[in-house]
Each structure stands twice: as C-alpha cells, then as structure tokens.
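Trainee: First the structure, then my questions, so here it is.
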Amino acid sequence: MSTAAIIVAAGSGQRAGGGTPKQFWPLLGRPVLAWSVAAFAEAGVEQIVVAIAPDQEARAREALAAWKVDFVNGGATRTASVRAALAAASNADTVLVHDAARPGLTAAMVRTLVEQVQQGADAVAPALPLSDTLLRSDGAGRVRETIDRADAHAVQTPQAFRGAVLRAAYAAAGADFTDDLSVVRAYGGETQLVRGDVRLMKLTYPEDITVIETLMSGERFTCVGNGVDAHRFGEGDHVTLCGVRIPHHKGLLGHSDADAGWHALVDAILGALGEGDIGAHFPPSDPRWKGADSERFLRHARELAEAAGARILHVDVTILCERPKIGPHREAMRARTAAVLGLPVERVSVKATTTERMGFLGREEGLAAQATATLERRR
Ligand code: MG
C-alpha cells in the first residue's frame, strides 16, 4: 500500500496582509510549510507533493531542502491545485490532501487517517464538533437566522482518501470546491469524520501564529548541553575569544582561529541537540578549516538547531585564564555571541575566572573555556 500526501500551498497570503505568504511565516524556528512536511515524513508517507505558485517555488525548495518533496505548479483555484498534484501522485493507493496553513499536524493524526482508509473508508477527515452558537447575519451585522448546530462540525485537513475514489471524483467534478471531502461527496463517495485536533487550526491572521505556537509548544521539552575547550598559548599579539580580538603578548595555537569560547559553546549546542562534537562537524584534518573564523562553526550550530525545530533559549560561557583580563571585553563578547545566535543580549552570559595560579592555566601555558546551552526542543 503506497501513500502520498498533497500539500496545497499555492496561496499568495493576501487575506492575512503583509508581503510574505503565510506558508513561509516563521513558526517555532521553521517556515509554516515545513511543519506539515515534517509530520508526513515522520509518519512514513512515501511521496509528498507540494502545490506551489510558480514564483514561490524556489523559496519552497529552499525551505524544504531537508526532505524529499515533489513540486507542482498550483492552479488559480484550490481545486485546480489539487488536480495538478493528484496527477503527480498517480500511483498512490491512499492520498492525503492538506492545507499548508494548518501547520499543527502530528504524525499520529496522519497514521490515524491512513489506517481508516486502509480499513476500507473512501474518505476520512478530522473534524471538531462546534460548541459556539451559530448565527447568520446580513452584511450590516444584523442577525437574520439561528443555525441549528446539533451534529455540526468544523472540518479540518488533512483529509485522506482511497486514491482511486479521489481520482474518479476529481475527474467527475465540475465546479470549485473548498475541500476535498465535498468533492468525494458530490461524486457519491462514502465520507466519514474522525476526532479533529485543536492544533490543526487554520492560520489566517498574523496573530494566529502566537496561538498555534502555544498549542504546538505543548510537546516541547528543555535540553541542556555543555562544552569544554582548551588551547595552548604560542607566538602572537592577540587572542580571539567569543569573536572578539583581545590584545595579548601571546596568541593561541589551533587549526582554526582557536576561539576556545565559541568552540566550547558550539559543543554545548551540539550536546543539547545530541549532534556529536565540533570535531565531527569540522575535522581539524580538513584544510578548509585552517585559520577559519569560528563564527562559521557557531552559525552551523545555530542552523542545526533551527533545522531540528529547536530554539536556543540561553547560553553561558566561562573563560578560564589568568590573562588576558576578560572583564573589559565581556560586553563586546556577549554582543558578538548574541548577534551570531540571533538572541537578545540578555540571554547570553560571558564570564571569566582564574585557577588561582594552579595547574596549566595558572602557569599560563594555555587558556580554557566551558559553556552551557539551554535549548527548547520539539523532539
Ligand atoms: Mg578548540
């Protein structure tokens, strides 16, 4: 049994105002569209087809580079977009159709829907019973009618179908439909509802982002990573720590710029992500990293966090050395670190201590750093 998911993301986002179409609005560190793709991929859906406006395709490809996705050009209407995507998913036994504007999709919901189809349903959709009273008003806000809400449901996506039924229904469909369950119903197919999920609310207005983030954050947890690094002093007239050049009568030896502060911090972020250590990502044996600016390493750690849907909440770096004195440079080091990580400076701590002249640090043979990173992760 093969399964395909169609994501309709062809909207221009004009209703919500603002220039960026809502499928690209940032949501917990990822574009809105990426959340649905991630959920389908996690649920084991074999083919993911995104219907996108031609002028948005390059942007979508970049946003979804981490997944295997097929793109089709969206049509002028939703029905036309689904039709085009359906042609690209012509082999699937089960087809799910989803709106990109509902990013709160879970793999569990995808599995539930697919199971229902595989057990024989033609068409299944998640829906929530309505709890508010429904009224119909005229254009001036005058109430004209109370609508009986008994058994009324608000229908969500994704909607799942037997592929053959959905294809036949679309082949027979004339007019435009606002959802695919209606296409199948018009064709005479049997359709059924399963319990919806409040997280599948439709993103319509910019302020909806805050609501969806709060709903989706329910599954988030906090991870703390730590990192340690040390470099030996050698010839030179400065050291680089947390991206700041500090005059000193010695330099630090290392393959890259030997920024022990940022190296420890990169390891702390990688630690919180369970992504190994800096040496695995940037092997010292690789000539590309000779003399490299460590900003590159720190940016890489930030990008890995973002790609994992994680958010860096706070970082704390401690430099261990007798000299140079860190105090005069502390604020500049915080500011540089905050800028590279995209954090407010209040969420970045830089401090220093000595070892009371004991050991290799006390003898000023080298300098060390220790860092802690606190991340919020979704999985
Ligand atoms: Mg190092």
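Trainee: Go ahead and set up a Gaussian network model of the chain, Cα springs under 10 Å, then flag whichever of GLY225, GLY120, GLY254 fluctuates most.
Mentor: Per the Cα network of the chain with a 10 Å cutoff, GLY120 tops the list.
Trainee: Now for a different question. What angle do you read, to the nearest 10 degrees and between 0 and 90, between the alpha-carbon axis of helix 295-307 and the longest principal axis of the chain?
Mentor: Helix 295-307 sits roughly 30 degrees off the main axis of the chain.
Trainee: If you don't mind, another one. With N denoting the number of residues in the range 93-156, provide Rg(C-alpha) divided by 2.2 N^0.38 Å, to two decimal places.
Mentor: 1.54
Trainee: What are the aspartates and glutamates whose alpha-carbon lies under 15 Å from the alpha-carbon of LYS68, with same-chain residues fewer than 8 places away excluded?
Mentor: GLU42, GLU46, GLU57
Trainee: Okay, next question. In terms of solvent-accessible area of protein heavy atoms at a 1.4 angstrom probe, what is the ranking of THR240, THR210, THR337, THR178, highest value first?
Mentor: In descending accessible area the options line up as THR178, THR210, THR240, THR337.
Trainee: A further question on this structure: Using DSSP, restrict attention to beta bridges with both residues in the chain and report what percent are antiparallel, rounded to the nearest 5.
Mentor: Of those bridges, close to 60 percent are antiparallel.
Trainee: Given SER349, VAL228, ALA368, which one lies farthest toward the positive end of the charge dipole of the range 220-378, if we put +1 on the Cβ of every Lys and Arg and -1 on the Cβ of every Asp and Glu?
Mentor: Sorting the options by dipole projection puts first SER349.
Trainee: Step by step: find N for the range 220-378, compute 2.2 N^0.38 Å, then divide the Cα radius of gyration by it. What's the final number?
Mentor: Normalised Cα radius of gyration, the range 220-378: 0.99.
Trainee: Under a crude label model (7 Å from the Cα following the beta-carbon direction), how far is GLN192 from ALA58 in nanometres?
Mentor: 4.8 nm
Trainee: Which of the peptides 308-314, 5-11 is most tightly packed, and how do the rest follow, judged by the mean count of other Cβ atoms within 10 Å per residue?
Mentor: 5-11, 308-314
Trainee: At a 1.4 Å probe, what is the % contribution of carbon and sulfur to the accessible area of the range 220-378?
Mentor: Using a 1.4 Å probe with all protein chains present, the range 220-378 comes out at 51 percent carbon and sulfur.
Trainee: Among the lysines, which have Cα under 19 Å from the Cα of LYS22 when same-chain residues fewer than 8 positions away are ignored?
Mentor: Candidates past the 8-residue exclusion: LYS202.
Trainee: Counting each DSSP H run of 4 or more residues in the chain as -39500 (n - 2.57), what helix-only mean residue ellipticity at 222 nm follows after dividing by all residues, to the nearest 500 deg cm²/dmol?
Mentor: The per-residue figure over the chain is -9000 deg cm²/dmol.
Trainee: Also: Which cross-chain or sequence-distant (5 or more) residues have an amide H under 5 Å from the amide H of GLY74, H modelled 1.01 Å from N in plane?
Mentor: Here ILE52, ALA53 satisfy the definition.
Trainee: Let me check against my output: what whole-number percent is the relative contact order of the chain, with C-alpha pairs under 8 Å and at least 6 apart?
Mentor: Relative contact order here is 15 percent.
Trainee: Once you charge only the Cβ atoms, +1 for Lys and Arg and -1 for Asp and Glu, what is the size of the charge dipole of the range 220-378 about its Cα centre, to the nearest 20 debye?
Mentor: For this selection, approximately 320 debye.
Trainee: Projecting each Cα onto the charge dipole of the range 220-378 (Lys/Arg +1, Asp/Glu -1 at the beta carbon, about the Cα centre), which of VAL266, VAL239, GLY309 comes out farthest on the positive side?
Mentor: GLY309
Trainee: Here's a follow-up. Skip the ligands, DNA and RNA, and give the accessible area per residue of the chain with a 1.4 Å probe, whole Å².
Mentor: Ligands and nucleic acids excluded, the figure is 47 Å² per residue.
Trainee: Right, next: Report, for the range 1-157, the % of DSSP beta bridges that are antiparallel, rounded to 5.
Mentor: 35 percent
Trainee: Compare LEU215, LEU361, LEU130 in a GNM of the chain, Cα atoms joined below 10 Å, and give the one with the largest fluctuation.
Mentor: LEU130
Trainee: Further question: Translational diffusion coefficient, Stokes-Einstein: compute it for the chain using the Kirkwood radius over C-alpha pairs as Rh, at 25 °C and 0.890 mPa s, and state it as an integer in µm² s⁻¹.
Mentor: Calculated translational D: 103 µm²/s.
The values are calculated or read from the model by the stated rules, or taken from the named source; none is laboratory data. Treat the numbers as computed from the prediction; the structure is a model and nothing was measured. Virtual Cβ from ideal backbone geometry, glycine too; neighbours counted across all protein chains shown. Protein only, heavy atoms only, side chains kept; ligands, DNA and RNA dropped before computing areas. Shrake-Rupley method; radii C 1.70, N 1.55, O 1.52, S 1.80 Å.
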